[in-house]
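Heads up, the thing below is written out as structure tokens.
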Amino acid sequence: MTFQGTDLLIGTLLGDGNLQTNNGQMWQYRAIHKAAHQPYIMHKYEILKDFCQTEPQYSSIFDKRTQKNYHRYSFNTLFVEDFRFYGKLFYKNETGTWKKQIPKDIQKYLTPKALAYWYMDDGALKWKGKSNAVRLCTDSFSIDEVNLLKKALETKFQLKVCTQMKNNITRLSILEESYPQLNQLILPHLLPCMYYKFPDGNNGIYEGEDISSDIFNTFQERVL
């Protein structure tokens with residue numbers, strides 16, 4: 001597994017990515033994203049394609065609750081031993097069911113690129129147009145696990161982080177005063193289709209999705 005693949009797995013397993021196993025030895029990675037994020041899922045696929053038999057597939061799902069069609073792309077890898085380390089790191093077998101958990105030593109595995117993948121999966125603006133603060137959705141994790149992630153971000157990257165609870169869901173917020181550090185850490189690793197999730201330093205966002213590397217470099221210089 002390349003370092004790029006390691007960052008992808010660590011970051012997205014903190015987010016929307018998941019691993020599945022039948023026996024704890026062979027593991028399969030699965031990714032699903034809305035159609036607007038096709039460049040992102042193709043990026044994931046390009047990194048993991050040696051473990052795949054098919055490219056990301058398009059599908060449309062009708063939700064009876066909202067009466068809307070939702071368009072998405074998804075792909076699965078094969079079941080392989082290469083992902084066993086990450087499976088055992090992030091999953092615990094509870095009465096025959098493998099449940100995702102946050103490793104107690106998660107700080108050791110967090111890198112700026114892994115943080116960028118986590119943000120692209122589950123990050124968002126906290127107050128669009130009013131602040132450069134951001135949040136990380138940690139809805140599926142326990143309070144203790146969220147606090148573990150908070151400590152890792154504070155210790156590893158010296159970010160100012162707080163937790164917020166609503167309806168029994170605890171999320172992380174990275175405060176506006178840490179925007180310069182966060183910007184330096186993850187902006188170089190964000191894909192253009194994900195710029196809309198990240199502040200521009202002036203309480204706004206950069207909304208262009210199909211931009212050249214030259215424009216990206218100009219944007220990077222402007223907000224650093």
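Only a single criterion out of (1) of a type outside the set (Phe, Trp, Tyr); (2) buried (at least 16 other Cβ atoms within 10 Å of the Cβ); (3) in the same structural domain as Trp27 (by TED's automatic domain parsing); (4) closer than 24 Å to Lys166 by Cα is not satisfied by Leu153, namely (3). Is it the case that some residue within segment 101-124 is closer than 27 Å to Pro56 by Cβ and of a type in the set (Lys, Arg)? Checked against the condition, which is being closer than 27 Å to Pro56 by Cβ and of a type in the set (Lys, Arg), segment 101-124 yields at least one hit.
Residue count for segment 65-114 satisfying the condition of being hydrophobic (A, V, I, L, M, F, W, C), out of contact with any Phe, Trp or Tyr (no Cβ under 7 Å at 6 or more places or on another chain) and under 15 Å from Asp16 (Cβ atoms): 2. Taking the condition of being more than 16 Å from Lys113 (Cβ to Cβ), among the basic types (Lys, Arg) and not in a loop (DSSP other than H, G, I, E, B), how many residues in segment 154-196 meet it? Residues meeting the conditions: 2.
For every residue, the table says whether it meets (1) in contact (Cβ under 8 Å) with a residue 60 or more places away in the chain; (2) loosely packed, with under 14 Cβ neighbours inside 10 Å; (3) at positive phi.
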site: Leu14; (1), (2), (3): yes, no, no
site: Trp27; (1), (2), (3): yes, no, no
site: Tyr40; (1), (2), (3): yes, no, no
site: Leu48; (1), (2), (3): no, no, no
site: Asp63; (1), (2), (3): no, yes, no
site: Tyr86; (1), (2), (3): yes, no, no
site: Glu94; (1), (2), (3): no, yes, no
site: Lys99; (1), (2), (3): no, yes, no
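Any chance you could count how many residues in segment 77-114 are in contact with an Asp or Glu (Cβ under 6 Å, 6 or more places away or on another chain) and part of a helix (DSSP H, G or I)? Here the count works out to 2. Looking across segment 1-12, just one residue is crowded, with 18+ Cβ neighbours inside 10 Å and among the polar types (S, T, N, Q), and that is Thr12.
If you go through segment 130-153 and pick out every residue that is of a type in the set (D, E, K, R) and in a helix (DSSP H, G or I), you end up with 4.
The values are calculated or read from the model by the stated rules, or taken from the named source; none is laboratory data. All figures in this text were calculated on a predicted structure; none of them were measured in a lab. In this analysis, Cβ positions are derived from the backbone assuming ideal geometry, glycine residues included, and neighbour counts consider all displayed protein chains.
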